[in-house]
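Computed from the coordinates by the stated procedures, all read-outs in this text should not be read as laboratory data. Because the structure is a prediction, the values reported are computed rather than measured. Cβ: placed from backbone, ideal geometry, glycine included. Neighbour counts: every protein chain shown.
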Amino acid sequence: MIGMIMFGVCLFMLLWGFPVAFTFGGVALIFGLIAEGPQLFAFMPFRIMSIMQNTVLMAIPLFIYMGIVLQRTRLAEQLLESMGRLFGGLPGGLAISTIVVGALLAASTGVVGASVVAMGLISLPVMLANGYDKKLACGTICASGTLGQIVPPSIILIILGDVLGLPVGDLFKAAVIPGVVLVGLYIGYILFVSWRSPGTAPAMPRDSDDSRAQEIGKALMAIIPPLALIVVVLGSIFTGIATPTESSALGAVGALVLAVAYRQFSWRMMWESSRDTVKVTAMVFAILVGATAFSMVFSYTGGDYLLEEWMLQLPGEKWGFLILTMLIILVLGFFIDFVEISFIIVPILAPIAELMGINMLWFAILIAMNLQTSFLTPPFGFSLFYLKGVSPPEVKTTDIYRGVAPFILLQIMVLIAILIFPAFFGMSSS
Amino acid sequence: ADKSYTLRLAETWGPNFPIFGDATKNMAEMAEKMSNGRLKIRIDSANRHKAPFGVFDMVKAGQYDMGHSASYYWKGKVPNTLYFTSMPFGMNAQEQWAWFYHGGGMELMQEVYEPHNMLSFPGGNTGNQMGGWFRKEIKTLEDLDGLKMRIPGFAGEVFAEVGVNPTNIPPGELYTALERNTIDAVEWVGPALDLRLGFQQIADYYYTGWHEPATELQFLINKDVWEDLPADLQEVLRVSMRTASYDMLTQSVHANAQAWASIRDEYPNVKVKTFPDDIFKAMVAANEKVLEAYSRDNEQGQRIIKSQQAYLDKTRAYIDISERAYLNTMAELEE
Amino acid sequence: MRWLIAVDDGLGAVSRACGWVASVAFVLMMLNVFYDVVARYAFNEVSIGMQELEWHLYAVVFLMGIPYAMRTDGHVRVDVLYAGRSEAFKAWVNLVGALFFALPIAAMIAWLGWGYMLDAYHMGEGSGDPGGLPYRFIVKGLIPFSSFWLAVASVGMATFALRVLVKESAYDEQTGAGGLA
Ligand code: NA
Ligand code: NA
């Protein structure tokens with residue numbers, strides 16, 4: 001029960017505006033001291049050490065650096081604006097470009113903190129400068145930055161593979177169609193919104209002197225170099241030259257090379273980018289450290305056993321079970337992170353699902369789709385904090401909360417579609 | 001005298017890691033039943049303590065009463081813990097258990113763990129581990145030269161001696177790294193656990209093992225906690241651990257046989273290979289060299305190695321005329 | 001009053017120094033990872049020691065960055081109530097938060113992390129992998145070391161809040177790193 005009260009208190013404390021990371025940590029400390037005493041926190045060095053040794057997360061500072069360098073040298077801006085222009089008079093072009101870049105990043109890594117922050121740095125300022133609605137811009141970035149969790153390779157799928165005993169390769173294959181459908185729906189939604197209310201996602205203004213052919217030529221000139229960088233990053237992963245983590249270093253060094261090529265390089269720029277990278281990285285990892293203190297107190301005061309008890313009382317009939325399971329995971333996703341859900345909840349559900357003859361691959365994809373939503377759901381969705389951490393002050397937390405709402409709805413629609421029409425997504429339900 | 005005890009155990013594995021995790025559950029269940037509920041063991045898996053390789057430190061410091069892990073994980077902290085898991089070209093499971101219980105192995109193990117205020121007990125055996133998944137066939141020593149392989153620990157050092165580049169890849173990136181040729185080979189455990197990671201889908205050559213012929217896990221107990229237990233519960237715990245260790249070997253044999261059958265049926269691409277003799281000769285030499293360097297200036301380490309080698313010579317001579325002779329006969333009959 | 005400003009300026013300088021260390025570590029880490037990829041691909045050379053150095057540097061980046069981000073207001077806040085409030089409101093939130101949330105948790109981790117490091121030192125712990133790095137106590141020592149500076153930065157947050165409360169300084173002057181805070 002202590003865990004649940006701690007949630008409530010933490011939520012209330014977050015509202016006051018003290019940094020999220022230390023609010024998590026401070027509330028956890030107070031509750032941990034009351035419930036278990038100071039010795040409980042002797043586990044913290046071990047937990048911090050395991051974050052230090054988690055080299056998959058090393059992609060975070062490197063992608064952030066790439067994003068900052070591209071932003072400072074205005075190369076990112078040129079890329080996105082040119083891509084937006086290529087869409088001609090089409091409103092929403094910038095947002096669509098953002099989603100495309102987000103999907104490409106997603107296919108290269110599964111680290112959400114890295115993609116959301118990099119996309120936030122690169123495309124948020126451009127969209128805002130071009131008169132985009134703040135909410136739409138934020139929603140687009142959070143949603144496309146979070147794609148990394150469902151589009152393979154993905155950490156959620158790897159963990160689920162481990163928990164459910166399914167081959168990772170099968171899971172990766174099964175997640176491709178749902179991922180593509182999600183990307184398609186995001187683009188469709190942008191098209192729809194910008195058609196309904198053009199003011200929220202204005203088309204890029206045309207350079208009046210240029211013919212369409214000249215315009216396309218100019219756009220291509222601006223697109224090719226940064227696009228080449230993306231190709232290097234992705235290509236190095238797909239051809240096996242580098243692991244996803246290592247490719248982020250190629251991207252960071254590549255961005256510097258581009259800066260040199262475009263005469264935008266200076267030692268000062270390199271140093272300041274590095275300092276900003278440290279600041280943003282620290283923000284992301286402070287949240288991870290604070291959250292690990294929080295989840296530590298939650299488990300060690302029996303919160304996980306309580307959850308287990310609840311889960312064991314689920315109905316024993318297939319559709320009732322599935323619907324309730326999905327609802328519970330969705331609601332839990334508002335409060336606790338996907339790793340905890342995968343390790344505490346999924347192992348309880350798996351044998352029940354297996355007994356009912358449910359296809360475990362399908363079940364895993366349903367859970368993965370559901371879990372990636374948890375990155376976006378207020379108040380504890382990590383993607384929301386990450387984006388907030390790199391947005392200009394005029395973007396308020398509430399803008400982000402409201403901006404992701406339609407994308408959350410889209411994800412729930414896809415989830416329901418996979419539930420009802422598994423065959424369309426290349427799976428069977430039993 | 002009827003005071004009950006609850007011991008908290010931290011294991012290196014996740015909550016649903018098959019076979020390894022079953023060993024702790026099995027042990028806890030037996031201990032509770034045999035003690036009529038007076039000895040309870042609460043298991044915390046890696047998702048709870050988040051420190052899979054902190055088990056040694058946590059049991060030592062008393063944050064946990066017990067641990068379940070593998071002794072060779074601590075070789076960076078206490079070099080002589082290396083010898084109590086499995087050694088390349090060393091004893092098989094039955095030989096190693098005989099060494100532990102009758103050949104002085106237990107005494108040597110306690111001698112190593114004693115200064116750290118812990119007791120260590122055998123904690124379950126995987127049996128012979130497979131030599132790993134390779135994307136290309138290994139025919140000569142040159143094929144190993146510059147080969148990038150995920151192989152951790154001591155075996156990695158031996159492989160490095162014959163030209164392999166041991167590479168650290170986080171487990172979460174292993175499949176992708178092998179699939180995309182970032183690395184050329186992966187060593188994991190054996191069919192039952194390898195199947196889950198899906199290597200059979202992306203690598204055709206499955207090599208037989210040499211480097212971990214009898215991987216024994218370990219139970220760790222904080223010494224103060226052990227001494228605090230009444231004699232009857234100490235005995236209950238000792239028997240539970242010993243039985244759980246034996247049970248894990250039988251379960252490993254069973255699960256590996258089953259998994260191997262399904263790999264054979266569903267993945268005809270997979271070919272089982274054994275390294276050619278000249279590679280083995282080079283690796284035996286490399287093993288001796290690495291071992292010599294490792295135990296130089298370490299009297300205790302040299303004693304352990306000597307004890308193991310002497311025991312292996314003795315038991316192997318007998319195994320040769322019994323198990324091996326029998327398996328050879330059977331193989332000939334099949335031909 | 002004057003001593004408060006002097007103390008706070010001193011604390012601010014210390015936190016910025018942490019940021020300097022982290023920034024240097026970042027550049028080294030980027031070059032380190034880049035070199036490792038190139039060495040493996042071009043020269044087919046793998047060094048576990050160099051691979052381990054990557055995460056040693058990456059740990060410096062985020063651990064030493066945390067106190068720096070604290071001084072430069074880089075840590076994300078939920079701004080539903082906070083934004084648009086008076087300087088006094090912000091100062092009180094930061095004063096109370098720094099003293100009751102950030103400082104205790106930082107001090108606690110620093111204290112417990114010290115024992116964690118000593119243990120590694122006494123055992124002479126090193127890497128368990130072939131060619132790995134020795135002296136693991138150094139990287140483990142980063143935990144108490146950085147937590148100590150985080151505790152210092154927390155005190156700095158409190159002293160700065162006091163400066164704002166006596167209207168000697170204001171929050172807007174501190175931020176302003178473009179869109180990065
Ligand atoms: Na991904
Ligand atoms: Na192994």
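Observations
- Pair-distance distribution P(r) for the range C:2-174, from all Cα-Cα distances in 10 Å bins starting at 0: 10, 30, 28, 18, 11, 3, 0 percent.
- Estimated inter-spin distance, A:Met413 and B:Asp265, nm [label 7 Å along Cα→Cβ]: 4.2 nm
- Summarising the overall dimensions of the protein assembly as shown from its C-alpha atoms, the Rg and Dmax are 28.5, 97 angstrom.
- Highest-fluctuation residue, A:Phe41, A:Phe298, A:Phe334 considered, GNM on chain A with Cα pairs under 10 Å: A:Phe41
- Per-pair calculated FRET efficiency, R0 = 30 Å: B:Gln309 and B:Lys273 via Cβ, rounded to 0.05: 0.60
- Taking chain B as a Gaussian network of alpha-carbon nodes connected by springs under 10 Å, the highest mean-square fluctuation of the residues B:Phe159, B:Phe280, B:Phe84 belongs to B:Phe280.
- The lysines whose alpha-carbon is closer than 20 Å to the alpha-carbon of B:Lys33, local same-chain residues fewer than 8 away aside, are B:Lys3, B:Lys25.
- Ascending count of other beta-carbon atoms within 10 Å, so fewest first, for B:Asp232, C:Asp36, B:Asp277: B:Asp277, B:Asp232, C:Asp36
- Helix-only [θ]222 nm of the protein assembly as shown, DSSP H runs n ≥ 4, -39500 (n - 2.57) each, per residue, nearest 500: -21500 deg cm²/dmol
- Counting other Cβ atoms within 10 Å as a rough exposure proxy, the listed residues C:Val38, B:Val290 run C:Val38, B:Val290 from fewest neighbours to most.
- As a ratio to 2.2 N^0.38 Å, the alpha-carbon radius of gyration for the range B:1-154 is 1.22.
- Residue of A:Gly254, A:Gly290, A:Gly199 that the Gaussian network model of chain A assigns the largest fluctuation, springs spanning Cα pairs under 10 Å: A:Gly199
- Orientation-averaged projected area, Cα convex hull of chain B (nm²): 17.7 nm²
- Stokes-Einstein translational diffusion, the range B:130-245 - Kirkwood Rh over all Cα pairs, 1.306 mPa s, 10 °C, in µm²/s: 96 µm²/s
- Cα pair distances exceeding 20 angstrom across the range A:34-154, given as percent: 49 percent
- Each residue in A:Phe343, A:Phe7, B:Phe89 was given a count of other beta-carbon atoms within 10 angstrom of its own, and listing them fewest first yields B:Phe89, A:Phe7, A:Phe343.
- Segment A:Val257-A:Trp319, extension gain: residue separation times 0.36 nm, minus the distance between their alpha carbons: 16.8 nm
- Taken residue by residue and averaged, Cβ atoms of other chains lying within 10 Å of the Cβ of C:46-53 number 4.
- Measuring spread by the Cα atoms of chain A yields a radius of gyration and Dmax of 21.9, 72 Å.
- Alpha-carbon radius of gyration plus Dmax, which is the widest Cα pair, for the range A:313-422 in Å: 15.5, 52
- With a cut-off of 14 Å between beta carbons, the residues surrounding B:Asn47 carry a summed charge of -4, where Lys and Arg count +1 and Asp and Glu -1.
- Rounded FRET efficiency, nearest 0.05, which uses the C-beta distance separating A:Arg212 from C:Ile138 and R0 of 51 Å: 0.25
- Pairs spanning more than 31 Å between alpha-carbon atoms, out of A:Lys388/B:Lys60; B:Lys136/B:Lys289; A:Lys134/B:Lys50; B:Lys77/B:Lys148; A:Lys173/B:Lys271; B:Lys136/B:Lys314: A:Lys388/B:Lys60; A:Lys134/B:Lys50; B:Lys136/B:Lys314.
- Dipole axis of chain A (+1 Lys, Arg; -1 Asp, Glu on Cβ), positive-most option in A:Cys138, A:Gly184, A:Leu314: A:Cys138
- Estimated dipole of the range C:2-174 in Debye, rounded to 20 [Cβ of Lys and Arg +1, of Asp and Glu -1, Cα centre]: 460 debye
- Efficiency of FRET from Cβ geometry, C:Glu87 and C:Ile5, R₀ 22 Å, rounded to 0.05: 0.85
- Once both labels are positioned 7 Å from their Cα atoms along Cα-to-Cβ, the gap between C:Trp20 and B:Gln302 label points is 5.1 nm.
- Distance between the 7 Å Cα→Cβ label points at A:Glu394 and B:Ala257: 7.3 nm.
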